[in-house]
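Laboratory data are not the source of any read-out in this text; all were calculated from the coordinates shown. The shown structure was predicted, so the numbers you read here are calculated from the model rather than taken from an experiment. Cβ coordinates were reconstructed from backbone atoms using ideal geometry, including for glycine residues, and neighbour counts include every protein chain displayed.
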Amino acid sequence: MNPKYRKTVIAGNWKMNLLPSGLKDYAGELKLRLPKDRACEVVLCVPAIMAAPLLRLLRGSRVSLGVQDVSAEASGAYTGEISAAQLRDAGVKYVIVGHSERRAYHGETDELIGRKLQRVLASGMTPILCVGETLPQRDAGAETEVVRTQLKLALAGLDAAAMRKTVVAYEPVWAIGTGRTASPAQAQEMCREIRAAIREKFDARTARAVTVQYGGSMNPSNAAELLAQPDVDGGLIGGASLDPVKFCQIVEAAKL
Ligand code: PGA
């Protein structure tokens with residue numbers, strides 16, 4: 001039971017890792033070790049090609065499937081893209097939007113991210129909106145302003161009901177894949193700030209209801225302390241989610 005009155009969501013982000021041929025072993029191990037109680041929601045955001053086969057392998061388990069990106073367009077002549085409707089039809093429930101790697105390597109703007117967010121919501125899936133500052137931005141003391149601006153632009157077209165269906169992930173860029181985790185106090189401070197921004201734009205009830213995750217080098221040894229922070233409602237986990245044993249240990253830590 002989450003005393004925070006909102007869903008705790010532990011989501012893996014495989015990025016461009018693992019192979020379809022390895023899914024059976026991963027799913028077998030996961031099903032064996034996943035804590036049975038439903039204290040938190042468990043999600044795996046995988047490369048789109050692996051979503052449907054993994055969903056079949058995990059049928060009957062508590063794991064929901066997610067992917068890491070979506071087209072901002074509805075359908076049509078967009079070679080190489082995947083639409084929200086296609087993902088939804090394939091059984092996908094969660095979509096990461098605005099991950100810092102997409103912002104950095106694919107030039108995604110806050111405006112584009114906002115459009116993707118709307119597509120995901122309109123298709124009845126849950127977006128995981130990633131926000132977070134780079135190291136130079138933090139060193140300059142600009143982290144709050146950066147995150148608030150990202151939120152403001154990406155959430156521009158949302159009403160309170162849509163906001164309540166959105167998960168926000170605070171992912172400081174300097175902590176992603178670096179082994180350098182934000183301290184529990186740093187994670188708490190920014191997640192609280194994100195909730196304050198949601199309260200200012202929407203209302204207190206909405207702010208209380210939105211799941212705000214922390215992401216960036218979360219692993220079995222630091223997860224419990226991060227997840228115990230009052231405004232941290234889950235994690236977005238890259239590297240450690242590639243190993244089903246570690247991933248399950250983090251799910252376990254969410255109960256504490
Ligand atoms: P990491 O990645 O856990 O490997 O730092 C987190 C993420 O990018 O979502």
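Pairs with C-alpha atoms separated by more than 27 Å, drawn from the list Lys7/Lys201; Lys7/Lys116; Lys152/Lys246; Lys24/Lys165; Lys93/Lys152, are Lys152/Lys246; Lys24/Lys165. Evaluated with a Cβ-only charge set (Lys, Arg +1; Asp, Glu -1), the stretch 9-253 carries a dipole of roughly 760 debye about its Cα centre, given to the nearest 20. Going by a ≥ b ≥ c, the root eigenvalues of the Cα gyration tensor, does the chain fall in the rounded group (a/c under 1.5), the prolate group (a/b larger than b/c) or the oblate group? Cα axes put the chain in the rounded bin.
Which residue, Ala90, Ala196, Ala77, tops the fluctuation ranking in a GNM of the chain built on C-alpha contacts under 10 Å? In the Gaussian network model the winner is Ala77.
So if we plug the beta-carbon distance of Asp159 and Glu29 into 1/(1 + (r/R0)^6) with R0 = 25 Å, what FRET efficiency do we get, rounded to 0.05? That gives a FRET efficiency of 0.05.
Distance between the C-alpha centres of the stretch 1-75 and the stretch 147-221: 20 Å, rounded to the whole angstrom.
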